[in-house]
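Undergrad: Could you have a look at this structure, given as structure tokens, before my questions?
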Amino acid sequence: MSGHPVVGFVVVALIGFALLSACAVLAGWLLKTYALPEHGFGHADEHVNVVLARHRSALGNDLSYWLSGIGDIFAIPAIVAITAIVAMVLRKWRVAAFIVGAIAVEAATYRVTTLLIHRDRPHVRRLDDLPVNASYYSGHTAASVAVYCGVALLISWKLRSGWLKAAVWLVAIAVPLLVAASRMYRGMHHPTDVAAGLLIGIGTLIVAVTAARAAKAAEGAPR
């Protein structure tokens, strides 16, 4: 990889993706095989969705629809595209690679995990009609962490004001949590699914940051 930043980024990203996917699949298998069947844990996990479904309202349904959307096609592709385009205009290719790499690793991890681990969605009336009946894990939540917290990393790195940094991170952390709550409210995921999504989203950021640092190191290495 010495002297080849693109190769360095891609190799590290692929290794990170493989490790993250393995961890996600293993966690899903352990969850289904051991955690959920034991001591009523699975019942408690399902009961949260039952309670949320009982307290639905017209306003809550509308709010959850839009909050769920900011973790999906309403916002994620646009934010990634805008960030990458601005970075390329400014000739900051590692920034563009970071944000694109983060969402790419998350999406690929989600595909592998849902292919190998199947968990039915909560047994309540679902407010979304999706072709994929995969509850584990919440891709909306993971994508929200990867993108919103990824952008927060990029913005806060340039900010000097501690108050501004705190405000940026407050928003970046609040968005995935709101997305996670909306996915449970809409009957699409259990609490353990969104918790896994949060952790996997953090994992994608770690992979993307590591890949960007590897690219920087390779760029500075003698050819």
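Undergrad: Please identify the pairs in which a residue from the range 175-189 that is free of Cβ contacts under 8 Å to residues at least 60 places away in the same chain has its Cβ atom under 7 Å from the Cβ atom of a residue that is of a type outside the set (A, V, I, L, M), counting only partners at least 6 apart or on another chain.
TA: Between residues of the range 175-189 that are free of Cβ contacts under 8 Å to residues at least 60 places away in the same chain and residues that are of a type outside the set (A, V, I, L, M), the close pairs are Ala180/Ser138; Ala180/Thr141; Ala180/Gly197.
Undergrad: So is Gly28 closer than 15 Å to Ala208 by Cβ, at pLDDT 95 or above and either surrounded by 15 or more Cβ atoms within 10 Å (Cβ to Cβ) or among the acidic types (Asp, Glu) (or both) or not?
TA: Considered against the rule, which asks whether it is closer than 15 Å to Ala208 by Cβ, at pLDDT 95 or above and either surrounded by 15 or more Cβ atoms within 10 Å (Cβ to Cβ) or among the acidic types (Asp, Glu) (or both), Gly28 comes out as no.
Undergrad: Sticking with this structure for a sec: Restricting to the range 40-88, give me the number of residues that are of a type outside the set (Asp, Glu), part of a loop (DSSP other than H, G, I, E, B) and closer than 22 Å to Leu127 by Cβ.
TA: Number satisfying all stated conditions: 8.
Undergrad: So, one more: In the set Ser57, Ser64, Ser21, which member is more than 16 Å from the chain's Cα centre (by Cα) and buried (at least 18 other Cβ atoms within 10 Å of the Cβ)?
TA: From the options Ser57, Ser64, Ser21, the qualifying one is Ser64.
The values are calculated or read from the model by the stated rules, or taken from the named source; none is laboratory data. As the structure is a computational prediction, the values presented were derived from the model and not from experiment. Ideal geometry is used to build each Cβ from the backbone, glycine not excepted, and the neighbour counts take in all protein chains shown.
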